[in-house]
Amino acid sequence: MAGMTPTPQPTALVTGASRGLGLELARALTARGWQLVVDARRTEGLAAELPRATVVPGDITDPGHRAALAAAVDAHGRLDLLVNNASELGPSPLPPLAAHPLDALRRVYETNVLAPIGLLQLLLPLLRGAAGTVIDVSSDAAVEPYETWGGYGSAKAALDHAGAVLAVEEPDLRVYTVDPGDMRTAMHQAAFPGEDISDRPEPAHVVPALLRLLDAQPPSGRYRLADWDAGRVAS
């Protein structure tokens, strides 16, 4: 109707969007009419995959890159959803903690813990303004002590706890730690070099459950997407 103010498009930032879950979620949000800012270390072809997105190439551990992402989001004037999807597995094959190179472990923590916190610190005013949502992509390795997964798993456990604290400190935000389950991705293949992982679902099959979680807007917390895929939430 004449004189009505149009509803602004929601805006999301998805890190690590060049492939896997990040790319599939970005595609799904685009199909829903969202404005997107995305990043990845390797962005060849990403602009063609997501022609309406703002693509910012770079490494999420670089403070200058995080500042560039924040500037790209600020140009949209709002941030409804921050998806901390970019991850670092560590050496392949995965080493036991006693043999884990500390430089590689430092990289795992920089990518999986410190970079998401650093990005959040820059974007918190916009998230507060939109009463937005933060999704930290985690893993069952954050809660289960799998052999050789100590580096990656402990970093994801730290990210889980940081998200839980953020939810307490920022009660007007929704903060979800999400375990997507095993997926057929390059990172999962690197964790199991030489093994056949064709029985794992493609990331595109996981995205509908993640969208259901977003639509339902449950309280902040840790969620397994397998429960949302089955139409129920674990108690």
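Nothing in this text is a laboratory measurement; each read-out follows from the coordinates by a stated rule. Small disclaimer: the values here were computed from a predicted structure and weren't measured. Quick reminder, even Gly has a Cβ in these numbers, built from the backbone with ideal geometry, and neighbours come from all protein chains shown.
Each of the peptides 17-25, 141-149, 107-115, 44-52 was scored by the mean count of other Cβ atoms within 10 Å over its residues; in descending order, highest first, they stand as 17-25, 107-115, 141-149, 44-52.
Report, in debye and to the nearest 20, how large the dipole of the chain comes out about its Cα centre when Lys and Arg carry +1 and Asp and Glu carry -1 on their Cβ.
560
Computed from the C-beta positions of ALA98 and ALA67, the FRET efficiency with R₀ = 45 Å rounds to 0.75.
Modelled label positions at GLN217 and ARG128, each set 7 Å beyond Cα in the direction of Cβ, lie 2.0 nm from each other.
Relative to the 2.2 N^0.38 Å rule of thumb, the stretch 3-113 has a C-alpha radius of gyration ratio of 1.23. For the chain, the longest principal axis of the C-alpha atoms and the axis of helix 207-216 are separated by about 50°.
Counting only the Cα atoms, the chain fills a convex hull of 139 Å³ per residue.
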